[in-house]
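Working notes, beginning with the structure itself.
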Amino acid sequence: ERVGLPRGVVNIITGWGREVGAELVKHPGVDMVAFTGGTETGKEIMKMASGNVKKVSLELGGKSPNIVFGDADLEVAVDGTLAAIFLNQGQMCTAGSRLLIQKEIHDEFSEKLVSKTKKLKIGNGLNPDTDIGPVISEEQRKKDLHYIEWGIKEGARLLVGGKIPEGEEFKRGFFIEPTIFDQVKNDMKIAQDEIFGPVLSVLTFSTVEEVIELANDTRYGLAGMVWTKDIYKATSVAQRLRAGTVW
């Protein structure tokens, strides 16, 4: 009340600092805590909030599967895939960072996806013509580049991107090219860890049962996407995904 916050529900904003956040979580005058951030921090919040059994709402990241079946409208699905991973430079917990393509359309879909990715304009985020702006910090860019190196070492095929763009206009800002890896295996770090950057992992599948297993083979469960013209297949797959939101 002294700092002008509404009594009862308080959003813990990580920028306030760990000490302030911890006191708010533990304080008996706070009835509920809503937190968006890292998994380890979320675990600590749950522990602290258990002291007086307050309600907790946690949104702790994702490695969301973006499933494209062979009967999907490819042009629409390609555009949707670009938005799912490259909106906000991939810095969204709901980003569709694992693209699961049915094998029969893999080559055609990948060709269209790479072609459109190469046409994305990298630049100042305040410019309305910009498609890809900078990531939030130098630390985040180093993390992105680290995962790109890991992807190459683990044997994934780099289709596009993976570097810091060249040019004077990119020196003021933490820019990185939109990046797509193909031939990714689901046990690779780039397929399991939340990178939180413009890095897409492409995997393939043959059957519905296979893609359900692939999609759910992650420690996250935030979101998912299904592309098909068959409404019955769409709803059936969506119901079997272990995700809080499915588009």
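The values are calculated or read from the model by the stated rules, or taken from the named source; none is laboratory data. Predicted model, so just to flag it, every value in this text is computed and none were measured. Here the Cβ is made from the backbone with ideal geometry for all residues, glycine too, and neighbour counts use every protein chain on show. We work out accessible area using only protein heavy atoms, side chains counted, and drop any ligands, DNA or RNA first. Shrake-Rupley method; radii C 1.70, N 1.55, O 1.52, S 1.80 Å.
Answer yes or no as to whether Ile105 is farther than 30 Å from Thr39 by Cβ, open to solvent by less than 40 Å² (accessible area, probe 1.4 Å) and at pLDDT 95 or above. Here the answer is yes, as Ile105 does meet what is asked. Counting only residues that are modelled with pLDDT of 85 or more, in contact with an Asp or Glu (Cβ under 9 Å, 6 or more places away or on another chain) and surrounded by fewer than 16 Cβ atoms within 10 Å (Cβ to Cβ), how many does the stretch 1-37 have? Of the residues in the stretch 1-37, 3 are modelled with pLDDT of 85 or more, in contact with an Asp or Glu (Cβ under 9 Å, 6 or more places away or on another chain) and surrounded by fewer than 16 Cβ atoms within 10 Å (Cβ to Cβ). If you go through the stretch 39-89 and keep only what is surrounded by 15 or more Cβ atoms within 10 Å (Cβ to Cβ), of a type in the set (Val, Ile, Thr) and within 28 Å of Asp187 (Cβ to Cβ), you end up with Thr41, Ile67, Val68, Val78, Thr81, Ile85. Among the conditions (1) assigned to a loop (DSSP other than H, G, I, E, B); (2) of a type in the set (A, V, I, L, M); (3) out of contact with any Ser or Thr (no Cβ under 7 Å at 6 or more places or on another chain); (4) modelled with pLDDT of 95 or more, Val78 misses just one, which is (1). Checking Gly151, Gly162, Gly155 one by one, the residue that is assigned to a loop (DSSP other than H, G, I, E, B) and touching a helix residue (DSSP H, G or I) at 6+ places or on another chain (Cβ under 7 Å) is Gly162 and no other. Applying the set (1) among the polar types (S, T, N, Q); (2) over 17 Å from the mean Cα position of the chain (by Cα); (3) surrounded by 11 or more Cβ atoms within 10 Å (Cβ to Cβ) to Asn127 leaves exactly one unmet item: (3). Annotation note: Cβ proximity below 7 Å between a residue of the stretch 22-49 that is of a type in the set (Ser, Thr, Tyr) and a residue that is open to solvent by 30 Å² or more (accessible area, probe 1.4 Å) (sequence gap 6+ or interchain) occurs for Thr36/Glu59; Thr39/Leu60. Which one is farthest from the chain's Cα centre (by Cα) among residues in the stretch 146-176 that are open to solvent by less than 40 Å² (accessible area, probe 1.4 Å) and hydrophobic (A, V, I, L, M, F, W, C)? Selected residue: Phe170.
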